[in-house]
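The block underneath contains the structure these notes are about, expressed in structure tokens.
What follows draws every value from the coordinates through simple rules; no lab data is involved. These numbers were taken from a predicted model, which means no experiment stands behind them. Here the Cβ positions follow ideal geometry from the backbone for every residue, glycine too, while neighbour counts run over all protein chains shown.
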Amino acid sequence: MAALTACSHGIVYTGEFHNRGQHQQQQAGSSGGFFSLNNSPSSSSSSSSSSGFPLFDGRRNRECSGKRISRKRDLRADGFWPDLRARPTSVEMEPITDSEQLDQILLHAQELAQPVVIDWMASWCRKCIYLKPKLEKLAAEFDTKAKFYFVDVNKVPQTLVKRGNISKMPTIQVWKDGEMKEEVIGGHKGWLVVEEVQAMVQKFLC
């Protein structure tokens, strides 16, 4: 039986809705309860098929979205630094053993309009041994702009040593257009020598 209740917004049918709600609760109780995400797999699948809506797997969705975000971040990193992994951290200096080889190196560098850096050193020179790997790291910075070489003065003809006019070791020279342009004598701290060589090479880049 429906009852009329007056309110400021109109007439509300209270009794009919109350009875209808009780009838729906009884039907739900007899059919096994309301739909819940905590039901067993069999009851969940039957409920989802009867209602027509698939169950929402929040954990799987978070995992998939996390993978998508990770891929996007990787693509962004590759976009900003496309050659970061390919860039070397150190380039091993090649040895020069005679004047003919030096002529070929200078001629090739002249064709490319690039400077050539030569580290005149000796195997018994402790400062030379200490400085060599640092220069090879510097060579990586100028990998496509300048080539770095070394000469062991005790293992080459003296005509080559005289050509460089070497009297102290280590001596680092920049050659360009077939001529020696400038040099740094590495008698002080290694990091200072590297800075001076870096500035010296920079001046002769095109």
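Structure data summary
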| item | result |
| --- | --- |
| Residues located in the stretch 102-127, provided they are assigned to a helix (DSSP H, G or I) and in contact with a helix residue (DSSP H, G or I) (Cβ under 9 Å, 6 or more places away or on another chain) | LEU102, LYS127 |
| Any chance LYS145 is part of a helix (DSSP H, G or I) and either among the charged types (D, E, K, R) or in contact with a Leu (Cβ under 8 Å, 6 or more places away or on another chain) (or both) | no |
| So THR171, is it touching a Phe, Trp or Tyr at 6+ places or on another chain (Cβ under 7 Å) and of a type in the set (Ser, Thr, Tyr) | yes |
| Residues of the stretch 123-139 classified as of a type in the set (A, V, I, L, M, F, W, C) and surrounded by fewer than 15 Cβ atoms within 10 Å (Cβ to Cβ), total | 2 |
| Residue check, SER167 free of Cβ contacts under 8 Å to residues at least 40 places away in the same chain, of a type in the set (Ser, Thr, Tyr) and at negative phi | yes |
| Selection from the stretch 150-202 of residues that are within 19 Å of LEU135 (Cα to Cα) and among the acidic types (Asp, Glu) | ASP152, GLU182, GLU183, GLU195, GLU196 |
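This table checks each residue for (1) in contact with an Asp or Glu (Cβ under 9 Å, 6 or more places away or on another chain); (2) surrounded by fewer than 21 Cβ atoms within 10 Å (Cβ to Cβ).
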{"site": "PHE142", "(1), (2)": "no, yes"}
{"site": "PHE148", "(1), (2)": "yes, no"}
{"site": "VAL156", "(1), (2)": "yes, yes"}
{"site": "LYS162", "(1), (2)": "no, yes"}
{"site": "PRO170", "(1), (2)": "yes, no"}
{"site": "ASP177", "(1), (2)": "no, yes"}
{"site": "GLN202", "(1), (2)": "no, yes"}
{"site": "CYS206", "(1), (2)": "no, yes"}
